[in-house]
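See structure below.
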Amino acid sequence: MKNNLLDKNEYFYGHKACAGCGGSLAVRLALKVLGKNSIAVLPAGCMSAVGFVYPQLAFGVNALISPFASTGAVLSGVYVGAKSLGLKDVHVVGFAGDGGTADIGLQALSGAIDRGDKIIYICYDNEAYMNTGVQQSSLTPYGARTTTTPAGDRIHGSTNVKKDMFDIVAAHKIQYAATASVGNIPDYIKKVEKASKVEGTSYIHVAAPCPTGWGVDSSGTIEIAKDALDCGLWYLAEYENNEYKINKQVKEFSSVKDYLKKQSRFKHLTNEDIKLIEEQRDKKWQDLKNKTNLK
Ligand SMILES: Cc1ncc(C[n+]2csc(CCOP(=O)(O)OP(=O)(O)O)c2C)c(N)n1
Ligand code: SF4
Ligand SMILES: [Mg+2]
C-alpha cells in the first residue's frame, strides 16, 4: 500500500500522547492500514492511558483494554468471539508496549502464537516502562539511564542487553513476524498490510521512540528512529515460511556515538561503554548474517 493510498480517516486521534510520540504514530498508521473493522486490544501502557480518557475515546474503531499480562489471550478471545458471531473482514489487533510484551505479557503472547489464531500483535517498543515514569524493561538497551537503572560513577545505566523479541517469536515458528520502525514508514505500512493477509498469527515489532523518556526533542522522533537503523542498533527483518530475511542491508554503519549522544538517557556513557555497544551490534549483525540472505 502506497502512503498516498492510506485511508484518509483517522482511527486514533484526539489522544493525550506527548508531542512526537512514536508509539501513537505506530498505532495511528496501523489502524489506517487495517481499517474501520479493526478491533484493537491494548494492555496497560502509554497507548491505553492516552487513548481511553473517559468520557473521551480516542479510537475510531472498537477498542478495549486488557489486563497488563493478557494481550495475547484477550486477542485470541476476541478473535474467537468475532468468528462465532460470523463477523467478516475483521482485523483483531493488539498494541502492547515493550514491557507488556517482553516481560509481563510474554506467556500470553507465546500461547496465542501457539494457538495460531488470525490475530496481529504489534509491539511498539519505546525501550522502557514509559507510562509509569521510565522504568527499565527487558527491552531497555545496554547503558540507558532509566529511573530504576540510574547512571552514577560505578554503574552507567542499564547493565542488561536488550532481549531479542523477534528471535523469540520466530522460534515459535510463527506464520509471519517482522521488525519495523517509525523511521521507515513505507516499510512499516507494507508489513502491517502483509500481516493483515496472513491466515494465522503475525507479530510486528516496531521501534517507536519516546521523546519524553529518551530525552530528545519532540520534533526529532523520526530522525532518531532513522539514526538507529543507520548506525545498526536496529534492523528491518522478516520471518516467514521458516526463513529469516533482512529487508535493508546497511553497507556502512553511521556513528553509534552520534546516535547515543543525541539522547539524554545515554549522555553519561564513556567511550568504553560505546565500544561495548558497538561490539554488541557487530555480534548481532553477525548472527543475522548467519541466518539470513545477508552477504
Ligand atoms: C499487573 C500490573 N502491573 C503493573 C501495572 C502498572 N503499569 C501500568 S502501565 C505500565 C508500564 C507499561 O510499559 P510498556 O508496556 O513498555 O508500555 P509504555 O508505557 O512504555 O507505552 C505499568 C508498569 C499495571 N497496570 N498492571
Ligand atoms: S511518555 Fe513517551 S510513549 Fe508515553 S505518550 Fe509520551 S512520548 Fe508517548
Ligand atoms: Mg514501553
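Results, tabulated for the structure shown:
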| read-out | value |
| --- | --- |
| Residues of the stretch 86-108 classified as more than 8 Å from ligand 1 (Cβ to nearest atom), surrounded by 23 or more Cβ atoms within 10 Å (Cβ to Cβ) and free of Cβ contacts under 8 Å to residues at least 60 places away in the same chain, total | 3 |
| Residue count, the stretch 251-285 (criterion: of a type in the set (Gly, Ala, Ser) and in a helix (DSSP H, G or I)) | 1 |
| Residues of the stretch 266-281 that turn out to be of a type in the set (D, E, K, R) and either free of Cβ contacts under 8 Å to residues at least 12 places away in the same chain or in contact with a Pro (Cβ under 9 Å, 6 or more places away or on another chain) (or both), as a count | 3 |
| Every residue from the stretch 16-39 that is touching a helix residue (DSSP H, G or I) at 6+ places or on another chain (Cβ under 7 Å) and more than 16 Å from ligand 3 (Cβ to nearest atom) | LYS16, ALA19, LEU29, ALA30, VAL33, LEU34, SER38, ILE39 |
| Qualifying residues in the stretch 113-133 (those that are closer than 19 Å to CYS46 by Cβ and surrounded by fewer than 24 Cβ atoms within 10 Å (Cβ to Cβ)) - the one farthest from ligand 3 (Cβ to nearest atom) | GLY133 |
| Pair list, Cβ < 6 Å and 6+ apart or interchain, from the stretch 214-235 residues that are over 22 Å from ARG145 (Cβ atoms) to residues that are of a type in the set (Ser, Thr, Tyr) and part of a loop (DSSP other than H, G, I, E, B) | ASP230/SER254 |
| Helices (runs of 4 or more DSSP H) enclosed by the stretch 155-240 - at least 2 residues per element that are small (Gly, Ala, Ser) | 185-196, 221-230 |
| Members of the stretch 249-274 found to be loosely packed, with under 13 Cβ neighbours inside 10 Å and either modelled with pLDDT of 95 or more or among the hydrophobic types (A, V, I, L, M, F, W, C) (or both), listed by number | GLU252, ASP258, SER264, THR270, ASN271, GLU272 |
| Criterion (in contact (Cβ under 8 Å) with a residue 60 or more places away in the chain, over 25 Å from ALA178 (Cβ atoms) and not basic (Lys, Arg)) met by exactly one of ALA58, ALA19, ALA30, ALA26 | ALA19 |
| Search result, residues across the stretch 46-63 that are closer than 14 Å to VAL74 by Cβ and within 16 Å of ligand 3 (Cβ to nearest atom) | SER48 |
| Options TYR121, TYR176; residue that is within 16 Å of ligand 1 (Cβ to nearest atom), modelled with pLDDT of 95 or more and within 22 Å of TYR79 (Cα to Cα) | TYR121 |
| Subset tally (residues that are more than 16 Å from ligand 2 (Cβ to nearest atom), among the aliphatic types (A, V, I, L, M) and within 27 Å of LEU31 (Cβ to Cβ)) for the stretch 201-257 | 4 |
| Among (1) within 16 Å of ligand 2 (Cβ to nearest atom); (2) closer than 25 Å to LYS257 by Cβ - the single one TYR124 does not satisfy | (2) |
| Top-ranked residue in the stretch 23-72 [being of a type in the set (S, T, N, Q) and under 23 Å from ILE104 (Cβ atoms); ranked as nearest to ligand 1 (Cβ to nearest atom)] | SER48 |
| The lone exception for ILE120 - which of (1) within 19 Å of the chain's Cα centre (by Cα); (2) within 23 Å of CYS231 (Cβ to Cβ) it fails | (2) |
| Those residues of the stretch 182-223 which are away from ligand 1 (no atom under 16 Å from the Cβ) and within 20 Å of VAL250 (Cβ to Cβ), in sequence order | GLY183, ASN184, ILE185, PRO186, ASP187, TYR188, LYS190, LYS191, ILE222, GLU223 |
| Tally, over the stretch 62-107, of residues that are among the hydrophobic types (A, V, I, L, M, F, W, C), farther than 11 Å from VAL41 by Cβ and either assigned to a helix (DSSP H, G or I) or more than 16 Å from ligand 2 (Cβ to nearest atom) (or both) | 9 |
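Yes or no, residue by residue, for (1) under 28 Å from GLU272 (Cα atoms); (2) within 16 Å of ligand 3 (Cβ to nearest atom); (3) not β-branched (Val, Ile, Thr):
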site: LYS163; (1), (2), (3): yes, yes, yes
site: LYS173; (1), (2), (3): no, no, yes
site: ALA207; (1), (2), (3): yes, yes, yes
site: GLU223; (1), (2), (3): yes, no, yes
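The values are calculated or read from the model by the stated rules, or taken from the named source; none is laboratory data. Note that the structure is a prediction, hence the values are computed from the model and not measured. Because the Cβ atoms are built from the backbone with ideal geometry, glycine has one as well, and the counts that use them run over all protein chains shown.
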